[in-house]
Amino acid sequence: MPANLDALAGLVHTPLFGVLLTLASYRFALFIYGRSNSLPIFHPFLVASIPVIIVLPLVNVDYEEYREQTQIIAFLLGPATVALAWPLYRQLHTVRSVLTPIVIATILGALISAAIAVGLAWWLGAPPEVVGSLAPKSITTPIAVEVVKSTGGYVSLAAGAVAITGIVGALSAGPIFRLLKVTDHRVKGFALGLVAHAIGTARAFEYGEKAGAFAGLALGLCGLVTAMALPWLWPWVAQHLG
């Protein structure tokens, strides 16, 4: 029996444990989300984190070790983002018909999202490293963790800001769409992808393939614009904020 316990204790410090815990938590979250009739407050991204938060301290695994265990899942974020090109390809004819508004909305949305985060953080007296960490909050995690290196911010804080932005966007999208009487799935999807990146894109697919395709397009374009513009603009921004 002690040998079995030792083997079990050793298992929790392997990548297998982290991956299984993540997948089981997500499956549990999907079940809760379905039973709640897809209420945004029970979004899988939110619920899936609860079992992980509870289990890790019980088995004496800290977050840094858990992150190492689940590197393969983090790596798959990139291919998963690229896979969004397929529904976008199926909606290509629709995208072409509104190309000019898409380009204008992407540029304005990317600039405004970064400016609001940077402006509020600076106004509230945040250190330069924190301000730089919040600048790429509205782009998907794989891009944000690279962009934040050019702004002198913290990777972990940037990843957290991205997650919070996505959660808030996914939760608030429904009420805002109803308040503004937005019914066009293209607009819903593009807004979610532009503001709430990957989490918003997952939410957009619940409205349909068209909304999901436009969300994926917004996610990619916003990430591209931010990744190209922010490192170039940041020295000027940091000089004026300082």
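Coordinate-derived values only; no laboratory data. Remember, it's a predicted structure, so these values are computed and weren't measured experimentally. Here the Cβ positions follow ideal geometry from the backbone for every residue, glycine too, while neighbour counts run over all protein chains shown.
With contributions of -39500 (n - 2.57) from each DSSP H run of at least four residues, the per-residue ellipticity at 222 nm computed over the chain stands at -26000 deg cm²/dmol. Using Cβ point charges alone (K and R +1, D and E -1), the dipole size of the stretch 99-242 about the Cα centre works out to roughly 300 debye. Kirkwood radius, the stretch 128-242, all distinct C-alpha pairs, inverse of mean reciprocal distance: 14.2 Å. A full extension of the chain between I164 and L23 corresponds to an added length of 48.7 nm, given 0.36 nm per residue minus the alpha carbon distance. Modelled spin-label separation between E68 and E129, with each label point placed 7 Å from Cα along the Cα-to-Cβ direction: 2.2 nm. Distance between the modelled labels on R96 and I41, one decimal in nanometres: 4.6 nm (7 Å Cα→Cβ projection). Principal-axis analysis of the Cα atoms of the chain puts helix 2-11 at an angle of about 10° to the longest axis.
Computed from Cα atoms alone, the Kirkwood hydrodynamic radius reported for the chain is 19.2 Å.
When only Cα pairs below 8 angstrom with a gap of at least 6 residues are kept, the stretch 77-170 shows a relative contact order of 21 percent.
Bridging of K137 to lysines at a Cα separation below 22 Å is possible for K149, K188, once same-chain residues fewer than 8 apart are set aside. In the chain, with Lys and Arg counted as +1 and Asp and Glu as -1 at Cβ, which of these residues, T70, G200, H13, has the Cα nearest the positive end of the dipole, that is, farthest along it? The residue sitting farthest along the positive end of the dipole is G200. Working from Cα pairs under 8 Å separated by at least six residues, relative contact order for the chain is 17 percent.
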